[in-house]
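Worksheet: the structure to be examined is printed underneath.
The values are calculated or read from the model by the stated rules, or taken from the named source; none is laboratory data. Everything numeric in this text was worked out from a predicted model, so none of it was measured. Note that each Cβ is placed from the backbone with ideal geometry, even for glycine, and that neighbours are counted across all protein chains shown.
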Amino acid sequence: MRGVTNHIVADRWDDVNPVASFQVSLVCVVRVDIESLSMKSRMGIPGIKPGDNEEDGPDREEPVLGSRLYNLGIPPYLLSAKHAPKPVASPMAVSPAQRSKIEPQTPALIPDPQWYEKKHSTNRRPKRPRDQLVTSREEDEHCSTPQSRAVEVDGMVIEDSDVFSADMEYTEQQITVIARARANSMQLPSCPPLYPVVPDLPPDAIGRTDQPGVEIYFTRHPSELVISKEFVNEMNANVLQVFNQDPAAVSETLSAIGHTYLGEGGLSIVPMLDRKQRILARLRDRRDLEQMMIMLLGLCALELIDGRSEPADNSLPAIISNAAIIIKHQQDNGLSFSSVAKYFIRALARQDMMISLTYARHPLIPNSVWLSDDSYRIADRFMGYTGTLMPILADLGALAEEMRGGTPTPSDSSNANRNCNGNHFGDEVWSEEAIMITANPTLAIYQKVLEIRQRLNQWRPVAAPNVSFQASRNLLFHAHSHRAAALLYLHRLLEPPGSSDAADQVARGMAHEVLMHLSAMTDQLKTSLWPVLIAGTELTEDGDRNIVMGMFDEIVRQRKTVTSRRTREFCVQRVWAARDAGLAWNWMDLVELYPGECLPI
């Protein structure tokens with residue numbers, strides 16, 4: 001099923017209440033209306049039951065205790081287990097009295113040694129057989145066998161039966177995956193969170209149909225996507241803070257992500273389309289910026305992990321574009337951005353930056369919104385120490401748009417033997433002649449190139465306080481690899497692939513510098529897909545390519561996103577194959593020929 005509408009239409013902006021009147025009409029993957037979904041549900045398409053599209057339909061289950069999330073390895077002070085399950089009249093209604101007030105959060109980098117307690121049960125049940133959950137590729141993940149556990153919370157012992165309730169209909173695959181994730185989360189807890197005070201969840205906040213998806217989200221999504229495990233609890237704390245404002249809306253977003261991991265619908269994309277439609281329906285009525293950002297991030301996450309759509313149907317650029325519209329409207333009206341809102345905007349900004357550099361355009365989300373003084377003192381869950389590098393990368397993307405705005409100009413044979421005035425990465429790599437043969441031979445372009453190159457050479461990451469040496473070491477290598485990749489990117493704007501043997505030789509040496517930083521990182525390559533791609537496209541030797549393939553495979557194994565798998569295939573099947581066949585192999589041109597196949601996010 002194809003035919004994407006890659007845009008969200010803002011029908012109108014109301015001056016009195018603009019966000020409340022924001023009209024969204026995104027169809028994330030294919031155009032599917034409610035009538036067609038209902039018809040397919042009556043025809044018996046797997047994953048859709050009658051009533052699924054009705055908010056109060058017969059399949060809407062009674063909510064259960066939200067504090068069961070404690071069993072997912074979230075520290076006890078993030079959730080309250082003092083509430084008992086109780087039936088309510090309306091599954092979707094949560095009274096204001098049940099919602100805790102949100103207090104302003106202040107980052108605290110003081111770890112609590114007693115933050116995590118657990119007690120092994122003396123009665124062990126037989127291990128369940130191993131299972132395997134298929135995501136991007138079957139070999140990307142191997143499920144371990146969990147063991148029965150008991151956890152003590154406020155004096156109450158919670159057994160496995162508290163997670164897998166007898167009245168809940170789980171498939172065997174869901175039980176295996178949830179038990180595995182819970183066991184792994186308890187065995188390998190992440191570091192103390194930076195936000196030690198988070199409001200308790202309402203006792204009846206999560207509906208029973210959403211429970212499995214929400215549990216899988218917390219046990220799997222943050223740990224697989226963030227740059228390292230030190231940031232898992234920080235991300236959970238911020239998500240829970242927004243969750244507490246509107247549990248029904250946020251839980252639907254988190255549940256959609258979790259059910260994607262569970263393989264809901266098998267090969268059918270209809271159930272996921274239905275979930276996206278429901279998220280968009282809620283997004284139309286949102287007024288709170290934090291809730292809107294987390295819902296847009298949820299839609300982005302679905303595009304990252306759901307591999308059932310075609311590459312050309314990926315809606316990530318459209319979602320980011322419309323997130324930028326909302327952010328700009330907030331900024332233009334002089335409205336402030338809370339620290340939590342900036343936290344989620346940073347994740348959108350990083351995705352925007354990768355799209356910008358891939359498709360040679362300026363970024364849409366301004367750095368002034370999220371880049372603050374804190375960015376010079378703290379590490380980000382996705383950017384690491386590269387937050388302060390983003391303004392330079394933004395100018396690099398704008399320069400690429402200016403230089404490649406017209407039809408790319410291929411180098412003619414008369415330039416084949418041109419020599420550069422340097423043989424390494426110094427100040428003389430790009431000659432004035434190289435500048436003048438580009439598509440836009442103007443003095444302004446020449447000055448911008450020199451300025452960006454100077455800023456990249458002078459930029460240095462700053463280690464954050466209270467971060468361990470091992471964590472800081474990986475973040476520093478991560479930052480230096482991005483800086484080196486940016487220099488290589490700038491070089492290729494001036495000297496396109498195949499323009500001369502000398503330019504290709506310089507680019508190969510710069511690619512080796514990128515790989516030098518990447519190879520020094522210890523098992524933390526998850527957010528290094530862009531520098532791996534930029535360096536990998538320059539390599540011709542089998543040994544060098546094997547090293548890059550190992551890095552690609554490690555990223556796919558750790559992050560399990562469809563974008564990482566497709567980016568790996570793009571490098572191998574498009575760039576390397578074209579170069580080996582003697583064809584044009586400029587990856588910037590191939591990205592335009594094969595849209596959606598290369599999104600290094």
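Answer yes or no as to whether V232 is on the phi < 0 side of the Ramachandran plot, buried (at least 24 other Cβ atoms within 10 Å of the Cβ) and not small (G, A, S). Spelling it out, V232 is indeed on the phi < 0 side of the Ramachandran plot, buried (at least 24 other Cβ atoms within 10 Å of the Cβ) and not small (G, A, S).
Checking each residue in the range 509-547 for being over 24 Å from the mean Cα position of the chain (by Cα) and of a type in the set (D, E, K, R) picks out E513, E538, E541, D542, D544, R545. Every listed requirement among (1) assigned to a loop (DSSP other than H, G, I, E, B); (2) over 19 Å from K229 (Cβ atoms) is met by H482 save one, (1). G498 passes every criterion in (1) under 29 Å from A347 (Cα atoms); (2) among the small types (G, A, S); (3) not in a helix (DSSP H, G or I) apart from (1). Evaluating Q291 against the criteria (1) over 19 Å from D246 (Cα atoms); (2) polar (S, T, N, Q); (3) buried (at least 22 other Cβ atoms within 10 Å of the Cβ) leaves one unmet condition, (1).
So that you can scan it fast, the table gives a plain yes or no per residue for (1) among the acidic types (D, E); (2) in contact with a Gly (Cβ under 9 Å, 6 or more places away or on another chain):
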site: E234; (1), (2): yes, no
site: A237; (1), (2): no, no
site: P247; (1), (2): no, yes
site: L254; (1), (2): no, yes
site: T260; (1), (2): no, yes
site: G263; (1), (2): no, no
site: V270; (1), (2): no, yes
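Looking for something in a loop (DSSP other than H, G, I, E, B) and on the phi > 0 side of the Ramachandran plot - is there at least one such residue anywhere in the range 368-380? Scanning the range 368-380 turns up no residue that is in a loop (DSSP other than H, G, I, E, B) and on the phi > 0 side of the Ramachandran plot. Taken together, R545, R566, R574, R492 contain a single residue that is farther than 26 Å from E303 by Cβ, modelled with pLDDT of 95 or more and in contact with a Leu (Cβ under 8 Å, 6 or more places away or on another chain), which is R545.
To keep it simple, each residue is scored yes or no on (1) modelled with pLDDT under 90; (2) charged (D, E, K, R); (3) surrounded by 15 or more Cβ atoms within 10 Å (Cβ to Cβ); (4) assigned by TED's automatic domain parsing to the domain that holds F469.
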site	(1), (2), (3), (4)
K328	no, yes, no, no
R350	no, yes, yes, no
D374	yes, yes, no, yes
G384	no, no, yes, yes
P391	no, no, yes, yes
A400	no, no, yes, yes
P410	yes, no, no, yes
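For the range 502-522, the set of residues classified as among the small types (G, A, S) and either touching a residue at least 60 places away in the same chain (Cβ under 8 Å) or assigned to a helix (DSSP H, G or I) (or both) consists of A502, A503, A507, G509, A511, S519, listed by residue number.
Taking the numbered list (1) surrounded by 20 or more Cβ atoms within 10 Å (Cβ to Cβ); (2) in a loop (DSSP other than H, G, I, E, B) in turn, I555 passes all entries but (2). Total residues in the range 294-312 satisfying the condition of being surrounded by 21 or more Cβ atoms within 10 Å (Cβ to Cβ) and over 27 Å from A341 (Cβ atoms): the figure is 1. On inspection, K276 qualifies as more than 20 Å from M383 (Cα to Cα) and either in contact with a strand residue (DSSP E or B) (Cβ under 9 Å, 6 or more places away or on another chain) or hydroxyl-bearing (S, T, Y) (or both). Considering the conditions (1) assigned to a helix (DSSP H, G or I); (2) more than 19 Å from the chain's Cα centre (by Cα), S356 is excluded by exactly one of them, (2). The residues of the range 252-278 that are without any contact (Cβ under 8 Å) to a residue 60 or more places away in the chain and crowded, with 22+ Cβ neighbours inside 10 Å, listed by number, are E252, T253, L254, S255, A256, I257, G258, H259, T260, R275. Here A249, A256 are screened, and the one residue that is at pLDDT below 90, under 22 Å from the mean Cα position of the chain (by Cα) and aliphatic (A, V, I, L, M) is A249. Is it the case that T563 is of a type in the set (S, T, Y) and without any contact (Cβ under 8 Å) to a residue 40 or more places away in the chain? No.
With more than 24 Å from the chain's Cα centre (by Cα), aromatic (F, W, Y) and either in a helix (DSSP H, G or I) or within 28 Å of Q470 (Cα to Cα) (or both) as the only criterion, which of W576, W585 stands out? Among W576, W585, only W576 is more than 24 Å from the chain's Cα centre (by Cα), aromatic (F, W, Y) and either in a helix (DSSP H, G or I) or within 28 Å of Q470 (Cα to Cα) (or both).
Only one entry of L525, L518 meets the criterion of being touching a Pro at 6+ places or on another chain (Cβ under 7 Å), among the aliphatic types (A, V, I, L, M) and closer than 25 Å to Q351 by Cβ, and that entry is L518.
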